[in-house]
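What follows is calculated from the coordinates using simple rules that are stated; it is not laboratory data. This one's a predicted model, so the numbers in the text were calculated from it and none came from an experiment. For neighbour counting, all protein chains shown are included, and Cβ atoms are generated from backbone atoms with ideal geometry for every residue, glycine included.
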Amino acid sequence: MAEQILSQVEVDALLKGLSDGDIDTEKEALGATEVDGVSVYDFEDQARSVRGKMPSLEMINEKFCRSINTELFNFLRKGVDVTSEGIETMRYSDFLSNLSMPSSLNIFQLTPLRGQAMLAVSSELVFILVDSYFGGDGSFHARVEGRDFTAVEQSVVKKVVDIIFAEMDAVWRPIHPVEHKFIRSETNPQFVNLVGAGEVVVVYSFQMDVDSRSDRFSFCVPYSIFEPIRDKLYGVRQGELDGIDKTWSANLREQLDHVKVGISGRIGMADLKLSELLSLKVGDVVQLDQKIHEPIDVLIEKEEKFVARPGIRDEHYSIQILAVKEEGGS
């Protein structure tokens, strides 16, 4: 087929259409990200590579909700109902963008895991806690937007944060013992750089209702902190664990059956002075503490395990096992 070339008139008409907007270029621009319904996959998007639900973490949060209500009632002397709002994974920048100013941002370490995490308490919840602590009923609303928290507000929130951390420590213990260690508190999200903006964080939020007034607090934990214990958080059922343990034990037992160990019979011992040891020569006789008719100790890899009688069998020195030595016995 002969190559078709646009005439000058056609070229001029095409350029004029582009400049006047008569030709739609939106579809061509879209082709850079989507072609025939196929979207470009961002391999640097870590959020895509994080697996779904974390059953163990969900169980931790449910237990936390049941236990924290009593502790907060004792502190505030008001009815408190804390409910879990679920677990999300997102970019750290997305979490920060959802925070209002000011917020009570409590930085902590989840020891012995490495890295820092955050407990964010909304400004509205701060007011609810402070008002309730001093016996208020919510009829007076203090303005918190656009200002830092007062020393009194910070003190009350710190007490609540300590209660939350203590309860979290308790419910974490059966899964993986950790300690929520408070480091510092901030009010401006820009001053809290836990990880890079594009890093993935695990966010688990809670709704706190105090006498029909409610707002939320959220834990923000970099996913990298959970990496060493991710198998525990994603959860394996106990039945599956038992099956894995039995299989592993059977395989280990089978392999141990083929392991070779050294066995030796100790016919006796003697103590010599260093001068006597250095003067030993061929033909000298050293008397041992074991008499000829007494049983001897049998050692497995230098550990005493049996008592035996020495003898000869098929022209080889041999031993006949008489007894098994008790653990730690002589």
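For each of Ser224, Ser123, Ser155, count neighbouring Cβ atoms within 10 Å of the residue's Cβ, then give the residues from fewest to most.
Fewest-to-most ranking of Ser224, Ser123, Ser155: Ser155, Ser224, Ser123.
Give the calculated FRET efficiency between Gln320 and Gln255 to the nearest 0.05, with a Förster radius of 35 Å applied to their Cβ-Cβ distance.
0.75
What list of ³J(HN,Hα) couplings, whole Hz, do you get for the range 127-134 from phi and the Karplus terms 6.51, -1.76, 1.60, once you set θ to phi - 60° and write x for glycine and proline?
Running phi through 6.51 cos²θ - 1.76 cosθ + 1.60 with θ = phi - 60° gives 4, 4, 5, 5, 4, 5, 4, 9 Hz.
Under 23 Å between alpha carbons, and skipping anything fewer than 8 positions from Lys281 in its own chain: which lysines qualify?
Qualifying lysines at Cα under 23 Å: Lys273.
Please list, or write none, the lysines whose alpha carbon is within less than 23 Å of the alpha carbon of Lys325, excluding same-chain residues fewer than 8 places away.
Here the lysines satisfying the reach criterion relative to Lys325 are Lys260, Lys291, Lys302, Lys305.
Compute the separation of the alpha-carbon centres of the range 97-124 and the range 246-304 and state it in Å as a whole number.
62 Å
Which entries in Lys63/Lys159; Lys159/Lys232; Lys63/Lys232; Lys53/Lys181 show an alpha-carbon gap greater than 28 Å?
Beyond 28 Å between Cα atoms: Lys159/Lys232.
For the range 48-234, with the dipole built from +1 on Lys and Arg beta-carbon atoms and -1 on Asp and Glu ones, taken about the Cα centre, which of Gln207, Phe127, Leu110 lies farthest toward the positive end?
The listed residue farthest towards the positive side: Leu110.
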